[in-house]
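> What follows is a single structure, and I will ask about it in a moment.
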């Protein structure tokens, strides 16, 4: 075999190796964004919780606490870059509502299971939506007035398909920040709760 042929074969072999390496690198780069952030994550958030009341047959004279500090803890798992599941606990803050001659005071919280979706992505930014099954509670404080009508406010209520919407920013492959508005549905027969929070999540 002549030197020219051997040299041509060597060049061809090296070119094939370079092309194969380039293709592998390209596949890795194309695959990286879709695989980033998949798997389990944990997080926490702080924000502003609010509890609203329906009429209970008493004249309402005002709200001492229309809403207070709240927060949440959450665990989840991203199954794909678009779909995930999440389990969480939200503290929805304290509430004090004045009626003629009496004051209802208490605090609300909720446990939820959610299907989490990223319906739209643009670089590190993405829309965030959740469809949730939630059990929300409104607990009456010991110092609250003992009126029979207040029994309609306190209690626990299961809520089917309540939801949340927000905007998420992926700081890197592990860390993400989200501004989120959550509706947790009824906390009692005549009360409901919501939370606006800034959440921090870490992907394992």
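The values are calculated or read from the model by the stated rules, or taken from the named source; none is laboratory data. Predicted model, so just to flag it, every value in this text is computed and none were measured. We place every Cβ from the backbone using ideal geometry, glycine too, and count neighbours over all the protein chains shown.
> Residues in segment 156-182 that are under 17 Å from residue 111 (Cα atoms) and at pLDDT below 90: how many?
8
> Let me ask another. Which pairs do you get when a residue that is over 17 Å from residue 70 (Cβ atoms) and in the same structural domain as residue 76 (by TED's automatic domain parsing), found in segment 86-104, comes within reach of a residue that is part of a loop (DSSP other than H, G, I, E, B) and at pLDDT 70 or above, reach meaning Cβ atoms under 6 angstrom, with the pair 6+ apart or on two chains?
Matching pairs, first to second residue: none at all.
> A further question follows. Can you tell me which residue within segment 163-188, out of those that are part of a strand (DSSP E or B) and more than 16 Å from the chain's Cα centre (by Cα), is surrounded by the most Cβ atoms within 10 Å (Cβ to Cβ)?
Filtering first and then ranking leaves 187.
> Just checking, does segment 51-64 include any residue being crowded, with 20+ Cβ neighbours inside 10 Å, at pLDDT 75 or above and farther than 30 Å from residue 174 by Cα?
yes
> I would also like to ask the following. Based on this model, can you work out whether residue 84 counts as part of a strand (DSSP E or B), crowded, with 19+ Cβ neighbours inside 10 Å and either in contact with a strand residue (DSSP E or B) (Cβ under 8 Å, 6 or more places away or on another chain) or modelled with pLDDT of 95 or more (or both)?
yes
> Then there is this: Report yes if some residue within segment 127-137 is over 19 Å from residue 76 (Cα atoms), touching a strand residue (DSSP E or B) at 6+ places or on another chain (Cβ under 8 Å) and either in the same structural domain as residue 46 (by TED's automatic domain parsing) or modelled with pLDDT under 80 (or both); otherwise report no.
Yes, segment 127-137 contains a residue that is over 19 Å from residue 76 (Cα atoms), touching a strand residue (DSSP E or B) at 6+ places or on another chain (Cβ under 8 Å) and either in the same structural domain as residue 46 (by TED's automatic domain parsing) or modelled with pLDDT under 80 (or both).
> Same structure, new question: All but one of (1) buried (at least 19 other Cβ atoms within 10 Å of the Cβ); (2) modelled with pLDDT of 95 or more hold for residue 191, so report the exception by its number.
Result: residue 191 fails condition (2) only.
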